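> One structure is given below, represented as structure tokens, and several questions about it will come after.
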Amino acid sequence: MLTEDYGLNLNIVRSISRQICRLIDRGLEVILVSSGAMSAGMRKIGLSRRPDEIPKRQAVSAVGQAGLIMEYENAFERYGSKVAQILLTGDNLSNRKMYLNARNTLCTLLSWQVVPIINENDTVAIESIKFGDNDNLAALITLMMDADILIVLSDIDGLYNRDPRRFPDAELIPVISTIGKNLEKLASDIPGSLGTGGMLSKIKAAKKVTSGGIPMIIANGNSPDVLEKLFSGQSCGTFFEPSKARMASRKCWIGYSIKPEGVLYLDDGAVTAIVRRGKSLLPSGIVQVDGEFGIGAAVEFKSPEGEILGAGLVNYSAADVRKIMGLQSAQISERLGEKPYDEVIHRDNLVITTGCASGESGRGQ
């Protein structure tokens, strides 16, 4: 949406900037996650297509990022607003201290009525620390800031029941209350030219924020004054209903910002205990361990069918979990010679991300 054949779509940049400034005048706080650095860089350098080599792509992004923020600065300045550039990698949000520092910086900028403009730091990011796309980045920022809503602007009106470019009778889905596999399959059938990451990445972003208790909207950024219409109560795009319970900020960090270092496979009893009853994960419910990780690492846990249920911080290393899995907590000391904890993952350090958890509210750090 922000790009066209010969670089940035300056009309869209200026339109979004103007609308955000009007929302700020109404007393709202707004954070903008924006792509466009690659397109801006290609135009500056005179490239007709994106380079294949990673160092060249990162160099193009470095050139383009300066132009992107300059256009935003000029656009916002017309309406008396200031902007700040924030470039992040996955490491910045995986590390707890960096995560809190980033949040505090953003809170300070908002208190100064400066609009943070966030993008992935493509100049230094490598595959292992990339967010993947700006839809995912926007979702993580939304959860980190405990925002009231995430609005994703695309070049399509919202989620349709089929690809509207191929099927004239395609119908817009105005409200979605549950994000299941069928919805993800529907989104995957709509190709990826619909903004950064395609429609599937937007559905995955919605799954994250709504499970954290925050609503999300997909709307058409090319529609005149779309942001102002939304905040005036008009129905635009597709609205994703949030879960009833608001997830604590720290649990959002555990569930979505840390890259898992391993996987624990659980039996049916453990799945019921942690997903339905909000219990800790005990060694007796673990049947398999994948990966190598140390104490305090983040791991995913899966059902017997291989479905990802959530993530948590482990009290034992992978080697020790393999020794004690299937055992009762009282047997841990016999196998290891000590028993620092009864639980492999305590419920305070465990997050269910399937959307079928018993729920937990709170906004703690």
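> Just LYS302, LYS56, LYS207 to compare: in a GNM of the chain, with alpha carbon springs under 10 Å, which one fluctuates most?
LYS56
> Which net charge results when you count Lys and Arg as +1 and Asp and Glu as -1 among the other residues whose beta-carbon is under 11 Å from that of GLN288?
Net charge around GLN288: 0.
> Given the Cα-Cα distance of LYS323 and LEU47 and 0.36 nm per residue of separation, how much length would full extension add, in nm?
93.8 nm
> Given the DSSP H assignment, sum -39500 (n - 2.57) over each helix run of at least 4 residues in the chain and divide by its residue total; what's the result at 222 nm in deg cm²/dmol, nearest 500?
Rounded to the nearest 500, it is -10500 deg cm²/dmol.
> Between SER188 and SER111, what length in nm is gained on full extension when 0.36 nm per residue of separation is reduced by their alpha carbon distance?
Full-extension gain reported as 23.8 nm.
> Residues with amide H under 5 Å of VAL115's amide H, sequence separation 5 or more or different chain, H placed in the peptide plane at 1.01 Å from N; which?
LYS82, VAL83, ALA84
> A further question follows. Search the structure for amide H atoms under 5 Å from the amide H of TYR316, placed 1.01 Å from N in the peptide plane, and list their residues when 5 or more places away or on another chain.
Distant-sequence amide H within range of TYR316: GLY296.
> Beta carbons within 10 angstrom, averaged per residue: use that to sort the peptides 168-176, 33-41, highest first.
33-41, 168-176
> Additional query: Given Cβ point charges of +1 (Lys, Arg) and -1 (Asp, Glu) and nothing else, what value in debye, to the nearest 20, does the dipole of region 251-352 about its Cα centre take?
The calculation lands at about 240 debye.
> Of the peptides 21-30, 318-327, how do they stack up when ordered by the mean number of other Cβ atoms within 10 Å, highest first?
Put in order of decreasing packing, that is 318-327, 21-30.
> Could you tell me how many degrees, from 0 to 90 and to the nearest 10, lie between the Cα long axis of helix 198-211 and the main elongation axis, the longest principal axis, of the Cα atoms of the chain?
Value to nearest ten degrees: 50.
> How big is the gap, in Å, between the Cα center of region 58-95 and the Cα center of region 133-192?
Here the answer is 25 Å between Cα centres.
> Counting pairs of alpha carbon atoms under 8 Å apart in space and at least six apart in sequence, what relative contact order in percent does the chain give?
Relative contact order comes out at 14 percent.
> Going by alpha carbons, how many degrees (0 to 90, nearest 10) lie between the helix axis of 54-77 and the longest principal axis of the chain?
Between the helix axis and the principal axis of the chain, the angle is about 60 degrees.
> Ok, one more. Could you give the nm distance between label points at LEU100 and ALA330, where each point is 7 Å from its Cα heading toward the beta carbon?
3.9 nm
> In debye, nearest 20: dipole of the chain around its Cα centre with unit charges on the Cβ of K, R (+) and D, E (-)?
For this selection, approximately 460 debye.
> Also, I was wondering about something else. Could you please report the charge total around LYS339, scoring K, R as +1 and D, E as -1 over all other residues with beta-carbon less than 15 angstrom from its beta-carbon?
Result for the local shell: -3.
> Helix 10-25 against the longest principal axis of the chain: what's the angle in degrees, Cα atoms only, rounded to the nearest 10?
The helix 10-25 is inclined about 70 degrees to the chain.
> Count the DSSP beta bridges whose two residues both fall in region 3-246, then state the antiparallel fraction as a percent rounded to the nearest 5.
Among the beta bridges of region 3-246, antiparallel pairing accounts for roughly 25 percent.
Throughout, read-outs are computed from the coordinates displayed, never taken from laboratory work. For clarity, every value in this text was computed on a predicted model and none was experimentally measured. As a convention, Cβ positions derive from the backbone with ideal geometry for all residues, glycine included, and neighbour counts pool all protein chains shown.
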